[in-house]
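Worksheet for the structure shown next.
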Amino acid sequence: MERVLIVDGHSAIHATEWLHDVHRGHQESGRKALVRELTEFQNLSGYYVVIVFDGKGNTRGKQGGNEKDPLVMYSRTNETADRVIERIAVQQSKKHDVQVASNDR
């Protein structure tokens, strides 16, 4: 059974001091730094990593999502990252061992 780790991107950034400092200076740099860290984690751990950020726009954005790169998703304007995470967790838990990392209850 494949292991899937779903990460609330902004929760992870704000929970990690150095990432928070980078993000405060330039938001895109903070997101990229988190993706780099979780790419390394995916490559070393055997987890398939999905990172979800709150997005802006009418469409849900995606990038990556292969053996070497985590799947990075952005929610639409009218939905939260939490809602996307819930949907992914329910779908993936039918076939995979799913864990979620978030500081949102």
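The values are calculated or read from the model by the stated rules, or taken from the named source; none is laboratory data. Please read these numbers as outputs of a predicted model, since none were measured by experiment. Counting neighbours? That spans all protein chains shown, and the Cβs are built from the backbone with ideal geometry, glycine included. Accessible surface is based on the protein model in full, side chains and every heavy atom, while ligands, DNA and RNA are left aside. Shrake-Rupley method; radii C 1.70, N 1.55, O 1.52, S 1.80 Å.
Across the range 7-34, the qualifying residues are those that are of a type in the set (Val, Ile, Thr) and in a helix (DSSP H, G or I), and the one among them that is least open to solvent (accessible area, probe 1.4 Å) is Ile13.
Mind checking whether some residue in the range 76-87 is modelled with pLDDT under 95, loosely packed, with under 13 Cβ neighbours inside 10 Å and assigned to a loop (DSSP other than H, G, I, E, B)? Within the range 76-87, one or more residues are modelled with pLDDT under 95, loosely packed, with under 13 Cβ neighbours inside 10 Å and assigned to a loop (DSSP other than H, G, I, E, B). Within the range 85-105, the set of residues being more than 18 Å from His14 (Cβ to Cβ) and in contact (Cβ under 8 Å) with a residue 12 or more places away in the chain comprises Ile88, Ala89, Gln92, Lys95, His96, Asp97, Val98, Gln99. Within the range 59-66, is even one residue modelled with pLDDT of 95 or more and polar (S, T, N, Q)? Within the range 59-66, not a single residue is modelled with pLDDT of 95 or more and polar (S, T, N, Q). Can you pull out the residues in the range 48-58 that are within 20 Å of Val100 (Cβ to Cβ) and surrounded by fewer than 18 Cβ atoms within 10 Å (Cβ to Cβ)? Passing the criteria: only Asp54. Does the range 36-52 contain at least one residue that is in contact with a His (Cβ under 8 Å, 6 or more places away or on another chain), assigned to a helix (DSSP H, G or I) and at negative phi? No, the range 36-52 contains no residue that is in contact with a His (Cβ under 8 Å, 6 or more places away or on another chain), assigned to a helix (DSSP H, G or I) and at negative phi.
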